[in-house]
Amino acid sequence: MHATSYTSVPIGTGGDAVEPIPSSARRAFVVTAFHRCLTHCAFFTMCISYLVVSSLPRLTACLDFPISLIVFFTVVRQSAPLPQYVEDEFLRYSFARSGADLLLFSFVRSVVLFNLFAYRNQTEKAALHASRASVIGSLLFLAVKFSRASHRLLPLLTTGTAMSVAQFLAFTLIRRRRITAPRYKSSTSGLSRGVGYEQLPDEASPFSAVVDDLGPAAQDLLEVDSQFMEVDRLSIHYRIHRHASSSQVICLLHGFGGGVFAWRQVWSAFSEIATVVAFDRPGFGLSSRPFGNDLQARKVNPYSFQYAVTLTQAVLANLGIDRAVFIGHCTGASLAMTLAMESHPSLVQAIGLVSFTESTTMPAFVRSMFRTKLGKAVIIQLVRTELAQVTLRRSWYDPSRIPDDVIRNYNSSLILRHWSEALSEMVNVAEHHHCMDRCGEIKCPVVIIQGTDDRLSSWAEQKRLATSLRERAHVSRVPFCGHNPQEEQPAAFVDVVRRFLLPGNS
């Protein structure tokens, strides 16, 4: 058994002279930095506001009993000695004279409502009805108590009524919106109920109609050989170059936020040695962005990870491809691994895992924010105006060398029609995929590629993956490179693929 091998790819400097930064560029940098600072401050303020507003229901539940307890032992007690007061209230209980029942009712109400307002119940409609019943029941009990109680209990009754009204308003105005917000779950088979899809005509749409429907920005993502196919009544954008003599096939799988356009820098080099195919998964690039209530009867969630596996197999089958080398970037690497584990052995010749990231779902905090109108608006606006730019800059070792067309491609993908709806649907997919736990099922050769200065996927995660794959994996680190080696160091990237995945073409 051989140990995992590691190499570092040599990168030539090309002898480029370092040019001085002009004063106009420095001024532009300062203006941009100031604008980013203001944007971050605005986002931080909106996040704090969101957290405060979304926490009000649980905050009222937490404060209910402590406030009632303070009123019970201060205002209601007045000057009575504490031992005598406790004895009168608890041991000589009277419905009209004692306030112990109000205190106990406040404690029970706090515990019940806090659990009903908890995050784990925020999408369960049973919590909606239980919360409503609890608050209304509290008001009815207080009304009966008020009609028969002595004036001494008036402060405690007023406190209980005020807290019940506050909890009712917090529930009605805030938490109820979270509970009734749609949330879609996908099982391991990729089936999901209640997921909407963009309705497409029975016949394939003309090329121009598909592009025009996505808006003017779609022109930036078009390739000279862009094509569309229909899979499960979804329009899938793809690109293919068929090599005249080579039997090798390379299938390129983009990561989150990417698409066919993410492989432009290496397309020509790969086309010289093999048949190359790449496609946009639903919600990315120029493929369909299903959302809403269209085609409600459809049960397959196109945004689920498992459907991405099925779609990849379907695209290759439609193109007459029965064996390929799969190269996946970021989340596309997880897709390549799953294909190697679940597909027929003859389909996967080898896999290349580029900047591997195991997580294929949004963080819980982001999913939580998307279930409110305020949180959804904040995230969407942030992604379009700031987060995408910051992420792209962090993806490169040298952000100053990001080509204008690369920036334009990623920006254009964010302003396509129905982009925000598709993002919402992706966030709502609740599935957990742990492909690293099943590395033992992979039998084909594997190469792991990562830039030495990748700030988005950790080197520790790549090493853990290599250890799990053992002798089947080779690790190549690309110097002076960030998260996107296929765009930042395309020549070195192609060289690694040719040497370790396509040795006959090196």
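Listed conditions (1) aliphatic (A, V, I, L, M); (2) at pLDDT 70 or above; (3) within 30 Å of Asp495 (Cβ to Cβ) are all met by Met1, apart from (2). Of the listed requirements (1) modelled with pLDDT of 80 or more; (2) farther than 19 Å from Ile67 by Cβ; (3) hydrophobic (A, V, I, L, M, F, W, C), Ala126 misses just one: (1).
Pull up region 18-74, narrow it to residues that are charged (D, E, K, R) and within 30 Å of Asp101 (Cα to Cα), then point me to the one that is modelled with the highest pLDDT.
So in region 18-74, the residues charged (D, E, K, R) come out as 19, 26-27, 36, 58, 64.
From the residues that got through so far, the ones that are within 30 Å of Asp101 (Cα to Cα) too are 58, 64.
Values: Arg58: 78, Asp64: 85.
The extreme case among them is Asp64.
Each residue in region 315-334 was checked for being buried (at least 19 other Cβ atoms within 10 Å of the Cβ) and part of a helix (DSSP H, G or I), and 6 of them qualify.
Every residue, every condition in (1) at pLDDT below 85; (2) among the charged types (D, E, K, R); (3) surrounded by 15 or more Cβ atoms within 10 Å (Cβ to Cβ), yes or no:
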site	(1), (2), (3)
Ser424	yes, no, yes
Glu471	yes, yes, no
Phe493	no, no, yes
Leu502	yes, no, yes
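Restricted to region 296-314, and to residues there that are crowded, with 18+ Cβ neighbours inside 10 Å and of a type in the set (A, V, I, L, M), the residue that is farthest from Val260 (Cα to Cα) is Val300. Close contacts from region 382-395, counting a first residue that is surrounded by 17 or more Cβ atoms within 10 Å (Cβ to Cβ) and a second that is modelled with pLDDT under 80, with Cβ to Cβ under 8 Å and a gap of 6+ residues or different chains, come to Leu382/Phe43.
Can you find even one residue in region 476-495 that is β-branched (Val, Ile, Thr), within 26 Å of Thr391 (Cα to Cα) and part of a helix (DSSP H, G or I)?
Kept after step one, since they are β-branched (Val, Ile, Thr), are these residues of region 476-495: 478, 494.
Subset that is within 26 Å of Thr391 (Cα to Cα): 478, 494.
Checking which are part of a helix (DSSP H, G or I) leaves us with 494.
Looking for residues that are β-branched (Val, Ile, Thr), within 26 Å of Thr391 (Cα to Cα) and part of a helix (DSSP H, G or I), one finds at least one in region 476-495, hence yes.
From Ala170, Ala166, grab the single residue that is modelled with pLDDT of 80 or more, assigned to a helix (DSSP H, G or I) and under 19 Å from Ile67 (Cα atoms). Step through it out loud before you land on a result.
Values: Ala170 fails: modelled with pLDDT of 80 or more.
Result of the check over Ala170, Ala166: Ala166.
The values are calculated or read from the model by the stated rules, or taken from the named source; none is laboratory data. Note that the coordinates shown come from a computational prediction; the quantities given were computed from them, not determined experimentally. Ideal geometry is used to build each Cβ from the backbone, glycine not excepted, and the neighbour counts take in all protein chains shown.
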